[in-house]
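Enquirer: Sharing a structure, written as structure tokens. Questions coming.
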Amino acid sequence: MSIIEICRCDRGRLLVSEEIDLLIERKEAELLPFRSRMEELRIEFTKETVRFAADWYRKTAKEYVLKYHEVTLRMGAEKIAVMKAKVDELVRNTEKRVRGELDNPELWWHQKPHLHDSIEQYKQVADRYPEILDRAVRRAIGYLGIILEESGFHVTASGNTGTYGEFWFERPVVGTRPVPSYPHLLKWSETMQDIIREYDAQFEEAIILYTEIHQLKEEKKKQEALTLWDSI
């Protein structure tokens, strides 16, 4: 039986506003633990992404040194030292970069619940991660592209589409400044994946409760409108 049928079929009569308020209160109490756990998972995911990104910066910088060895050899010791110093600085600022992307309430349903959000938005299928979060992770690690571009590797994170081979940026809106973003195949850590699997499970139950609360509130407004009409 749906939440509205419960409102309208309680012993053949409409539930009064006070009774609906009790149902709303009960449903909101049921929802609270889900939102609390989802916040814990958000914090865990951010911390794990910081660890992942710091390792990824170092590993990927070395991969490009090998991949484009002719560029590396042309740089010489002095320029290589400058590049390594920039990578080290990026690693030190990993938390700032990651939080700059993941501390966004729009990414996390429990922080900004929406009634009609897709039930699939946090679903993982094999190595395809939820786009809403994968895009943020790619932006966080994409800052390495700026260093690679400045060092002469075949990458652009600045939006220059001249002779570069790899475009490490996106334009959220046509005409806006490009945002660094890693464009290639990316595999999250197992811990990151596990956290979001649990977040997805919490979300699927939470959005059902949230929808029921909304329906109850709408039913209360309808009954109040009907009561006002009948009283005049």
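Enquirer: Could you please state, rounded to a whole Å, how far the C-alpha centre of region 16-55 is from the C-alpha centre of region 118-196?
Expert: Their Cα centres are 27 Å away from one another.
Enquirer: Tell me the angle of helix 17-67 to the major Cα principal axis of the chain, expressed in degrees between 0 and 90 and rounded to the nearest ten.
Expert: 10
Enquirer: At a threshold of 8 angstrom on Cα-Cα distance, excluding pairs fewer than six apart, so keeping six or more, what relative contact order does the chain reach in percent?
Expert: Worked out over the chain, it gives 28 percent.
Enquirer: Over all pairs of distinct alpha carbons, what does the Kirkwood formula give as the hydrodynamic radius of the chain, in Å?
Expert: The answer is 21.1 Å.
Enquirer: Do any of Lys96/Lys187; Lys67/Lys96; Lys59/Lys96 go past 24 Å between their Cα atoms, and which?
Expert: Distance filter (> 24 Å) returns Lys67/Lys96.
Enquirer: For Glu166, what residues show an amide H to amide H distance below 5 Å, using hydrogens built from the backbone and excluding near sequence neighbours?
Expert: Residues meeting the criterion, in which the H sits 1.01 Å from N, are Val155, Thr156.
Enquirer: Could I ask something else about it? Using Cα atoms only, what is the angle between the long axis of helix 131-141 and the major principal axis of the chain, expressed in degrees (0 to 90) to the nearest 10?
Expert: Approximately 30 degrees, to the nearest ten.
Enquirer: Return the calculated 222 nm mean residue ellipticity for the chain, to the nearest 500 deg cm²/dmol, obtained by summing -39500 (n - 2.57) across DSSP H runs with n ≥ 4 and dividing by the residue count.
Expert: -22500 deg cm²/dmol
Enquirer: Taking a quarter of the surface of the Cα convex hull of region 41-140, what do you get in nm²?
Expert: Projected area, direction-averaged: 7.7 nm².
Enquirer: Report, in degrees rounded to the nearest 10, the 0 to 90 angle that the Cα long axis of helix 190-231 makes with the longest principal axis of the chain.
Expert: That helix lies at roughly 30 degrees to the long axis.
Enquirer: What shape does region 43-89 take by its C-alpha gyration tensor, where a ≥ b ≥ c are the square roots of the eigenvalues and a/c under 1.5 counts as rounded, a/b above b/c as prolate, and the rest as oblate? Can you show the working numbers first?
Expert: On the way: a/c = 6.32, a/b = 2.33, b/c = 2.72.
Because a/c hits 1.5 or more and a/b fails to exceed b/c, region 43-89 counts as oblate.
Values quoted throughout were computed directly from the atomic coordinates according to the rules given, and no laboratory measurement underlies them. All figures in this text were calculated on a predicted structure; none of them were measured in a lab.
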